Amino acid sequence: MTRQLAAEALGTAFLLAIIVGSGLMADGMAGGNVAVALIGSTIAIGAGLVVLIQMFGPVSGAHFNPAVTLAMLVKREIGLAGALGYIAAQLAGAALGVWVTHLMFARPVMQVATTARDGLPLALAEFIATFGLIGTILCVRRHREDFTAVAVGLYILSACWFTASTSFANPAVTLARSLSDSFAGIAPHSTPLFILAQLAGALAGVWCFDWLLKEETQQ
């Protein structure tokens, strides 16, 4: 379990470094063109996810996401104590990843995001983004487990563009991004609705895709 928790913390730290770091780099080079900055950032995030899942999947399953851990808890693929440990490691790693990234870019380490991301449309976007992420994991690993890392990376890359919220789809990422007043930031007051939508999307995803896969095996 110690190695699994370390893998979750380290993997989530790298994920936040990729998200925040690519946002800072892209924003600085795009000359104010938000679309160009988003292209650069989302490519890095999708590619980084593929690598991180391949790196840490054999050790911990590469959740890096409390919503994914919740889904695995509901499916009884992880126990309650293990799930709580995973979530604590993910939250700690996410904050560490943001702070180290600030140091790399010579920014103040401690920040509070000011970008408001409010409203029911964005909450719906987070529900859909997380629902689709759980579906991607459950369906692809059933049929092509070796392709799961690529599928998750490609799904998140696409969801960054087809969702109004740019697909946080991860409570640890959401909380950590509130610690960065940057291109990737989300104001702390905006995080509760995002997280509620993500957790609801994860639970709905487990229910829906378990049902779909069970129906498929009975035909």
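At-a-glance table
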read-out: Ranked order, ARG3, ARG177 - accessible area, probe 1.4 Å, largest first; value: ARG3, ARG177
read-out: MET1 - accessible surface, heavy atoms, 1.4 Å probe, Å² rounded to 10; value: 120
read-out: Largest-first ordering by accessible area, 1.4 Å probe, given options LEU157, LEU212; value: LEU212, LEU157
read-out: Fraction of accessible area attributable to carbon and sulfur, the chain (%, probe 1.4 Å); value: 70
read-out: Computed over segment 154-219, Cα set: Rg, Dmax in Å; value: 15.0, 51
read-out: Theoretical ellipticity at 222 nm over the chain - DSSP helices of four or more residues, -39500 (n - 2.57) apiece, nearest 500; value: -26000 deg cm²/dmol
read-out: Solvent-accessible area of ASP27 with every protein chain in place, 1.4 Å probe, in Å² to the nearest 10; value: 80
read-out: Kyte-Doolittle at least 1.6, axis length at least 30 Å by Cα - qualifying DSSP helices, the chain; value: 34-60
read-out: For segment 107-219, the Rg and Dmax computed from alpha carbons only, in angstrom; value: 15.6, 58
read-out: List LYS75, LYS214, ordered by accessible area with a 1.4 Å probe, largest first; value: LYS214, LYS75
read-out: D (Stokes-Einstein, µm²/s), Kirkwood Cα radius, segment 1-41, 1.002 mPa s at 20 °C; value: 190
read-out: Extension gain (nm, one decimal) between VAL109 and ASP146, 0.36 nm per residue minus Cα-Cα; value: 9.5 nm
read-out: Share of pairwise Cα separations in segment 1-108, more than 22 Å, in percent; value: 36
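The values are calculated or read from the model by the stated rules, or taken from the named source; none is laboratory data. From a predicted model like this one, the values you see are computed outputs, not experimental measurements. Side chains included, ligands, DNA and RNA excluded: accessible areas come from the protein's heavy atoms. Shrake-Rupley method; radii C 1.70, N 1.55, O 1.52, S 1.80 Å.
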